[in-house]
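Following: one structure in structure tokens, then a few remarks.
Derivation of every value follows stated rules applied to the coordinates shown; laboratory data play no part. Bear in mind the structure is a predicted one, so any value in this text is a computation, not a measurement. A quick note on method: Cβ atoms are made from the backbone with ideal geometry, for glycine too, and the neighbour counts reach across all protein chains shown.
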Amino acid sequence: MTTEELNSPQGYKTPVGILGVGHFVPEEIVTNADLTKFVDTSDEWIVSRTGIRARRRAAPHQATSDLAVEAGRRALQAAGTRAEDLDLIIVATMTPDCPMPATSTMVQHQLGATRAGGFDLNIACSGFVYALITGAQFVASGTFRRVLVIGADCMTRLMNWKDRSTCVLFGDGAGAVVLGPVEPGYGIVGIHAGVNGAGGPSLTVNAGGSRMPSWSEGVDSSDYYLQMEGPEVFRFAVSVMGEAAIKALENGGFTPDQVSLFIPHQANARIIEASRKRLNLPHERVFSNVEHYGNTSCGSVPLALSEALEQGRIQDGDLIALVGFGGGLSWASAAIRWGGKKES
Ligand SMILES: CC(C)(COP(=O)(O)OP(=O)(O)OC[C@H]1O[C@@H](n2cnc3c(N)ncnc32)[C@H](O)[C@@H]1OP(=O)(O)O)[C@@H](O)C(=O)NCCC(=O)NCCS
């Protein structure tokens, strides 16, 4: 076994890392106080149950691709990669601009990524981490050298403002990373992914697909909106988040105490706190910005990663752990040794 193989626990032929990160959120801030003007809720209820104080809402003219393009542009800039040099674009989203064409094709066009292929990936809020580990496979195999992975969602478009138990939780946002080869010992060192389809009915958007097309008789407007059995999803999230991180770390030969920064899906501060305890990490080794953005679904993990970097919370050589979870029910995680960027 070569040194390179020893340092690539996934059996990656080429070690794969994140070369640049960027995020974009729409301008409009909707605070809890703003919501109380049209939702029967209170700042106290939302903050005590979720830790959320505000979220962003896309302007009427904005759609998911607009957020994705800007996040992608910023990640390319951070990586020092030209759009023309991209081989592949993966957009993780559950709120594409439309069923067809795929949002990734709009991003390809807007960025001028003339050589790139592209596809969308939908596995609800777990989407970004699934897209990350999918994109990594292309680099690891030596097939591609530059892959842009974007997580973007306009969740406010799926909110039923009459359903106070869900509409206060979500917001709009996007984050992106550029993947490429890194030095041995760096990059993605462990991954894990899972689904439990039996839990699917607890988190759904029922209409607009082939089972219940938008034109079918008897479709109720609530069928177009996100519906959730909150307490059930809460129990699932608490049980899966820490375990998923542990499995990705174990997969790379690491233990939670070696983690410099844990970046979990930003759905609820109580879920994040439960997973912090499960991993036995001090508060300063867990990143959260749920307070400012709520749950941005596929945007959540890369938006948190991007802000963590901006705040100087990640240094070269740090071991970080990312976890996404959501509808499906689904989850995915990745352990990453930060840095090791190669020239060119
Ligand atoms: C939704 C969630 C915050 C609810 O918290 P909770 O602690 O279970 O809520 P409680 O059971 O304490 O409270 C429910 C009560 O609050 C009320 N309530 C619900 N939403 C409310 C709101 N926005 N404002 C005020 N009251 C609200 C309910 O009507 C219910 O009242 P009742 O007891 O009189 O019937 C929680 O279940 C959750 O976070 N679930 C996971 C959601 C998630 O992360 N989803 C995304 C996955 S990707």
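Annotations
- Efficiency of FRET between MET212 and ASP316 - r from beta-carbon atoms, R0 51 angstrom, step 0.05: 0.55
- Global form of the stretch 290-331, assessed from the alpha-carbon gyration tensor, a/c cut-off 1.5: oblate
- Listed by chain and number, the lysines whose alpha-carbon sits under 19 Å from that of LYS162, ignoring those within fewer than 8 places in the same chain, are LYS37.
- Cα convex hull of the chain - mean projected area over all directions, nm²: 16.7 nm²
- Among beta bridges identified by DSSP and lying wholly in the stretch 188-337, the antiparallel ones come to about 75 percent.
- Between SER216, SER126, SER275, the residue with the greatest mean-square fluctuation in the GNM of the chain (Cα pairs under 10 Å linked by springs) is SER216.
- Sparsely packed trypsin sites (Lys or Arg not before Pro) within the stretch 188-258, loop by DSSP, other Cβ within 10 Å at most 16: ARG211
- Selected from GLY11, GLY197, GLY180 as most flexible by GNM, with the chain as the system and alpha-carbon contacts under 10 Å: GLY197
- Residue-span extension gain [ARG278 to THR143] - 0.36 nm each, minus C-alpha spacing: 44.8 nm
- Distance histogram for the stretch 36-135 (every C-alpha pair counted, 10 angstrom bins, percent rounded to whole numbers): 14, 38, 27, 15, 6, 0
- Compared with the alpha-carbon gap, the fully stretched path from SER42 to THR255 is longer by 72.7 nm at 0.36 nm per residue.
- Fraction of antiparallel bridges per DSSP, the chain only, in percent to nearest 5: 70 percent
- Antiparallel beta bridges, as assigned by DSSP with both residues in the stretch 3-185, represent about 65 percent of the total such bridges.
- Per-residue Cβ neighbour rank within 10 angstrom, fewest leading, CYS167, CYS298: CYS167, CYS298
- With one equal scatterer per alpha carbon and no solvent term, the Debye-computed log10 I(q)/I(0) for the stretch 188-337 at 0.18, 0.19, 0.21 1/Å reads -1.01, -1.10, -1.29.
- Cross-link reach list, lysines versus LYS247, counting only Cα pairs under 27 Å and skipping chain neighbours closer than eight places: LYS13, LYS277, LYS341
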